[in-house]
Amino acid sequence: MTGTETAVQPQQSLAKVPGKAWGLLILALFATVAVPLNMFKCPGLAPQLMEFFGMDPSTFGWTMSIYTIMGIILAFPAAGIMRKIGAKMCITLSLAFTILGTLVGVIATDLGVFLFGRFLEGVGMGLVAVATPATLSKWFPRHKRGLALGIWAPWVPIGNIIMLNAANPLADAFGGWQAAWWFGLIYALVFLVLWVIFYKEPDQPILDPGELEDEERAAKKAEAKGGSVKPILTLSMWLIAVGFLIFNVCQQGSLNTFYPTYLGEVHGFNPAEGAFVTSVITMLCIPGAILGGWVSDTLKTRKWVIVVGYVAFAISAIFLFTWTETWQLYIAVGVCGLFGPFATTNVFASSLDIMGPKNNGMGMAIIAFMQNIGSFIGGIALGYMQVAMGWGTASYMLFFPLIIIAILCTIFAKRLR
């Protein structure tokens with residue numbers, strides 16, 4: 001055998017991705033977008049909602065945080081539910097609850113009823129965040145998994161972009177904030193039907209040669225060091241998830257909830273302008289998430305690409321809530337949007353690397369549990385802190401200590417390469 005033959009053999013032995021897997025990935029992406037699209041109905045319409053329901057900014061934060069409560073409650077049960085009814089049915093239920101909660105919200109005239117509708121919508125987030133990465137991981141072997149999950153990873157940013165830019169025009173065109181709720185309901189209903197009809201799961205997970213063997217070796221190594229550890233107690237998975245909790249406190253929670261309000265109060269942006277600037281961050285997340293998956297596959301490291309994402313957010317946070325010149329806004333928006341999602345893509349991809357195929361559902365549950373806690377905290381923390389400290393000081397006090405902890409947690413996750 002020649003040196004050339006030796007070099008190409010490992011590449012030839014990699015598992016082949018079926019052509020239909022890519023089409024199903026796109027269907028999963030746009031079906032799951034229905035959940036965050038409805039989640040982010042509130043930020044762009046904050047002035048209308050606060051006036052209609054008599055809220056101040058700190059109370060308004062609950063319209064986002066309450067959405068995440070069911071995500072926290074369902075994270076671990078979702079893994080068990082998924083094993084019993086399948087990932088496809090989990091996602092079907094998530095879309096159904098999104099529709100139900102949106103319907104309750106659109107007819108609400110009382111704040112309590114409105115928040116109950118948001119609570120029901122949150123059931124969708126609790127199920128979909130666990131089920132979708134798990135089912136997509138079955139279609140894509142390790143050497144393509146980072147790219148595939150990188151393509152799916154912008155599901156939250158895409159929903160954010162659509163609704164932040166559609167909410168105000170819809171409200172203006174149809175005479176009230178309720179129009180955005182009807183739009184979200186119709187979108188979810190259409191993709192619920194398409195999902196039920198067209199999505200299929202593979203008969204067996206598609207894995208590269210050696211993936212199962214790697215899992216077995218890791219288990220034997222753990223046993224040699226003092227006994228096997230229950231999957232739920234896997235330290236590296238929890239460290240990665242704690243880091244992601246922090247990222248969601250900062251970006252998904254605080255930034256996406258309060259940035260339109262900050263831009264309006266401090267810089268005089270009207271609601272549509274503030275929503276658009278915020279959506280630019282999420283627009284950049286789409287190529288950023290895909291790029292992050294490609295980089296991790298190419299460099300064969302997820303850990304350090306996650307760290308790059310956290311460092312990028314720290315750089316952007318210097319100016320996010322303190323900018324005085326337009327160039328500072330450009331840096332904050334550009335760096336945060338393009339490089340921050342390096343973390344998101346690779347956190348989701350890390351579960352299978354750390355936990356192995358057998359326990360991937362548990363890994364996804366740990367990630368979803370911590371992700372939703374982060375979004376819950378972020379949805380209210382900055383709102384209360386800025387009342388006492390102002391936007392700039394509050395953002396510094398909240399973001400920077402937390403990001404340092406997130407970076408350290410990721411570095412010390414020994415089972416992630």
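The values are calculated or read from the model by the stated rules, or taken from the named source; none is laboratory data. The shown structure was predicted, so the numbers you read here are calculated from the model rather than taken from an experiment. A quick note on method: Cβ atoms are made from the backbone with ideal geometry, for glycine too, and the neighbour counts reach across all protein chains shown. When the accessible area is computed, the model is the full protein with side chains, heavy atoms only, and any ligands, DNA or RNA have been set aside. Shrake-Rupley method; radii C 1.70, N 1.55, O 1.52, S 1.80 Å.
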Considering all projection directions equally, how large on average is the shadow of the alpha-carbon convex hull of region 58-116, in square nanometres? 4.4
Between Glu201 and Glu265, what is the label-point separation in nm under the 7 Å Cα-to-beta-carbon projection? 4.5
Label selected from (i) 27.3, 90; (ii) 20.4, 65; (iii) 21.1, 77, the criterion being Rg and Dmax of the Cα atoms in Å as computed here: (iii)
Net charge contributed by nearby residues that have their C-beta within less than 14 Å of Leu111 (K/R +1, D/E -1): -2
Could you work out which residue, out of Ala289, Ala21, Ala148, moves most in a Gaussian network model of the chain, that is, has the largest mean-square fluctuation with Cα springs under 10 Å? Ala21
Amide H of Trp177 versus every other amide H placed in the peptide plane: which residues, excluding those fewer than 5 positions away on the same chain, fall under 5 Å? none
Within a Gaussian network of the chain (alpha carbon springs, distance under 10 Å), most fluctuating of Pro157, Pro401, Pro271: Pro401
Of the listed links Lys16/Lys144; Lys303/Lys414; Lys84/Lys358; Lys230/Lys300; Lys303/Lys358; Lys88/Lys230, those spanning more than 18 angstrom between alpha carbons are Lys230/Lys300; Lys303/Lys358; Lys88/Lys230
Expressed in angstrom and rounded, the centroid-to-centroid distance over alpha carbons for region 120-137 and region 174-195 is 19
Taking the Cα centre of the chain as the origin and placing charges on Cβ (Lys, Arg +1; Asp, Glu -1), which of Gln48, Phe399, Gln204 is farthest toward the positive end of the dipole? Gln204
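Order Lys41, Lys20, Lys84, most accessible first, counting only protein heavy atoms with a 1.4 angstrom probe.
Numbers: Lys41 0, Lys20 130, Lys84 180 Å².
Output order, biggest surface exposure first: Lys84, Lys20, Lys41.
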Over the Cα atoms of region 13-63, compute the convex hull volume and normalise it per residue, giving Å³. 100
List the relative contact order of the chain as a percent without decimals, with contacts defined as Cα pairs under 8 Å and 6+ residues apart. 25
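Tell me, what % of the accessible area of the chain is carbon and sulfur with a 1.4 angstrom probe?
Working: 11430 of 16400 Å².
On the chain, the fraction of accessible area on carbon and sulfur atoms equals 70 percent.
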Once you list every other residue whose beta carbon is under 10 Å from the beta carbon of Ser236, what net charge do they have if Lys and Arg are +1 and Asp and Glu are -1? +2
Need one number for region 297-339: average projected area of the convex hull over its C-alpha atoms, nm². 3.1
Computed, not fitted: 222 nm per-residue ellipticity of the chain from DSSP H runs ≥ 4 (each -39500 (n - 2.57)), nearest 500, equal to -26000 deg cm²/dmol
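Given axes a ≥ b ≥ c from the Cα gyration tensor, I'd like to know whether region 336-387 is rounded (a/c under 1.5), prolate (a/b larger than b/c) or oblate.
Numbers: a/c = 5.74, a/b = 1.82, b/c = 3.15.
Judged from the Cα gyration tensor, region 336-387 comes out oblate (a/c at least 1.5, b/c at or above a/b).
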May I have the convex hull volume per residue, in Å³, for the Cα set of region 284-393? 102
One finds the C-alpha centres of region 340-417 and region 42-106 to be spaced, in Å, by 19
I need the semi-axes of the equivalent ellipsoid of region 259-344: take the C-alpha gyration tensor, multiply each eigenvalue by 5, square-root it, list largest first in whole angstrom. 27, 13, 8
